[in-house]
Amino acid sequence: IGTTQRALQLCSQFQRLNIPGLGIEDQSMRILLHYKRELENVAKHYTKYKEDPPLPRDMPPISGKIVWVRQLYHRIEDPMNILRHNTELLASKDGRIVVKQYNKLAQVLITYELVFYQAWLQQVNSAREGLKVTLLIRDEQTREIYVNLDPDVLSLTRETDNLLKLGFEIPSSATMIQSSHNILQQHASRLNLLLHCMSDIKAKFPPEYKSLIIPHLTKLRQMLEPGLTHINWTSLKVGHFIDQVQAELDHLRWVADRVNDILKFRIEGTLEGIIGTVLCDLPEDGRNVTLQELCDTTYNLCNQAAETMQIQSKSIKEATLELIELLCGDLEAFVGDPLDLDQDRTSHSPDRQSALQKRRDIRESIEKAADELYHHFQTKTTDAIIKSVKSNLENLRKRICTSVHSAYGK
């Protein structure tokens, strides 16, 4: 017979037949001794695995341990429910020993279950407090910003579902967290995505322009500040806060894409066009032209090129100014009008003076960087024109040298 419970059930069935000579009492004693060994095996198994039991598939830790210990409890409880009807067997010497072993082991298993249920209740209290923390947290060393949601808050929902199925009483705070699980998970995912996008968008800006985008980055930091200081996971403003930050990131992404487009197509592309301008139309091999014809053609080409380069230079200048405006954003709104800053110097508050000086320094730094960027592209425009002239002169030199060598070779 495979199990103690099944053996006891068969004995009970034969006992009800009242057929003499079946030896039911002897068989019952043998089964009792087998059950005694089963109790010892369960006790050994519990002692071996109680710290790290084998959990059922896809079960969270607390409810998984409770399911495990309940399986052990049922292994000893189900046979005992049948043995209780055989009072004579349990009243025997071996029966009393078995009852004592059973009571001791059952108490241990029930206590194990209650300990983890109490641990879960403590998790519920911790999770409830965990929802009162701010949405975001900044690492004091790296200054990086992270989503400030305890993973236990989200895993608590699975525990709640399982413990509810197991028949445990669920406190209202756990029910509240359970009902908020989807929205909490959605908010956490959106915040993680925002922080990831923020890093990607910053990387889109060329490193040499970092000082020019201070207004944009400062505005973004200001919009993140409520999530670092007072908006928590129970606030009704979480969705609105995320939407605002998302809108600012979308704008910053547009600025980054626009800046790169201006650089690539309106500035770098135009500079390449200037460098490739033809100033001297050299005749094809085998075609003879007079010196006067070459001079006249070159003169006309240079006049046309001068007009084209002037338009291209103006286009680069306009693109540079638009680039600076995009990078700097609303500088007046960020650091204030310079006249207002000068008028505020009459304030005698040390903190006020320090703040004003910082604003003036930032403004001067941004204006200096913008001026350097403007002159940088003006210089690149001049360099492109010089490269174009040198390239055309080099082509002319090579053609003359080739013609001379060919003439002497003949």
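When every residue of region 187-202 is checked against the conditions, none turns out to be over 16 Å from the mean Cα position of the chain (by Cα) and not assigned by TED's automatic domain parsing to the domain that holds E372.
Filter region 127-147 for residues that are surrounded by 13 or more Cβ atoms within 10 Å (Cβ to Cβ) and either modelled with pLDDT under 90 or of a type in the set (D, E, K, R) (or both) and give the result.
The answer is A127, R128, G130, R138.
Only one entry in K398, K368, K380 is at pLDDT 80 or above and closer than 19 Å to D281 by Cα, namely K398.
Here F334 meets the list (1) modelled with pLDDT under 95; (2) within 20 Å of K264 (Cα to Cα) almost entirely, failing just condition (2). I need the full set of residues from region 269-285 which are modelled with pLDDT under 85 and either in contact with a Pro (Cβ under 9 Å, 6 or more places away or on another chain) or among the small types (G, A, S) (or both), in order please. Passing the criteria: none in range. The residues in region 93-126 that are buried (at least 16 other Cβ atoms within 10 Å of the Cβ) and over 23 Å from W68 (Cβ atoms) can be counted, and the count is 2. Filtered by the rule that a residue be farther than 12 Å from V245 by Cβ and touching a strand residue (DSSP E or B) at 6+ places or on another chain (Cβ under 8 Å), region 191-228 gives a lone residue, N192. Restricting to region 46-63, and then to whatever is in contact (Cβ under 8 Å) with a residue 60 or more places away in the chain and not in a helix (DSSP H, G or I), can you tell me which residue is surrounded by the most Cβ atoms within 10 Å (Cβ to Cβ)? Among residues in region 46-63 that are in contact (Cβ under 8 Å) with a residue 60 or more places away in the chain and not in a helix (DSSP H, G or I), the one surrounded by the most Cβ atoms within 10 Å (Cβ to Cβ) is P60. Close contacts from region 215-230, counting a first residue that is without any contact (Cβ under 8 Å) to a residue 40 or more places away in the chain and a second that is not in a helix (DSSP H, G or I), with Cβ to Cβ under 8 Å and a gap of 6+ residues or different chains, come to P226/K237. Do we find a residue being hydroxyl-bearing (S, T, Y), at pLDDT 80 or above and not in a helix (DSSP H, G or I) anywhere in region 290-307? Within region 290-307 (the criterion being hydroxyl-bearing (S, T, Y), at pLDDT 80 or above and not in a helix (DSSP H, G or I)), the answer is yes, since at least one residue qualifies. Every condition in (1) in a helix (DSSP H, G or I); (2) crowded, with 18+ Cβ neighbours inside 10 Å; (3) out of contact with any strand residue (DSSP E or B) (no Cβ under 6 Å at 6 or more places or on another chain) is met by A188 except one, and the failing one is (3). Residue-level analysis places D243 among those that are of a type in the set (D, E, K, R), modelled with pLDDT of 95 or more, surrounded by fewer than 18 Cβ atoms within 10 Å (Cβ to Cβ) and part of a helix (DSSP H, G or I). When you look at L156, is it touching a helix residue (DSSP H, G or I) at 6+ places or on another chain (Cβ under 6 Å) and touching a residue at least 24 places away in the same chain (Cβ under 8 Å), yes or no? Against the criterion (touching a helix residue (DSSP H, G or I) at 6+ places or on another chain (Cβ under 6 Å) and touching a residue at least 24 places away in the same chain (Cβ under 8 Å)), L156 qualifies.
Please find, within region 71-95, the residue that is farthest from the chain's Cα centre (by Cα) out of those that are among the acidic types (D, E) and modelled with pLDDT of 80 or more.
Restricting to residues being among the acidic types (D, E) and modelled with pLDDT of 80 or more, the top hit is D94.
Among the candidates A7, A43, the residue that is assigned to a helix (DSSP H, G or I), in contact with a Lys or Arg (Cβ under 9 Å, 6 or more places away or on another chain) and either under 30 Å from T157 (Cβ atoms) or modelled with pLDDT of 90 or more (or both) is uniquely A43. Can you list residue pairs whose Cβ atoms sit under 8 Å apart, with the first residue in region 64-78 being assigned by TED's automatic domain parsing to the domain that holds V108 and the second being at pLDDT below 95 and of a type in the set (V, I, T)? Count only pairs 6 or more apart in sequence or on different chains. Close Cβ pairs satisfying both conditions: L72/V42; R75/V42; I76/V42. Here I170 meets the list (1) under 23 Å from the mean Cα position of the chain (by Cα); (2) surrounded by 13 or more Cβ atoms within 10 Å (Cβ to Cβ); (3) without any contact (Cβ under 8 Å) to a residue 24 or more places away in the chain almost entirely, failing just condition (1).
The values are calculated or read from the model by the stated rules, or taken from the named source; none is laboratory data. Everything quoted here is computed from the prediction, not taken from an experiment. In this analysis, Cβ positions are derived from the backbone assuming ideal geometry, glycine residues included, and neighbour counts consider all displayed protein chains.
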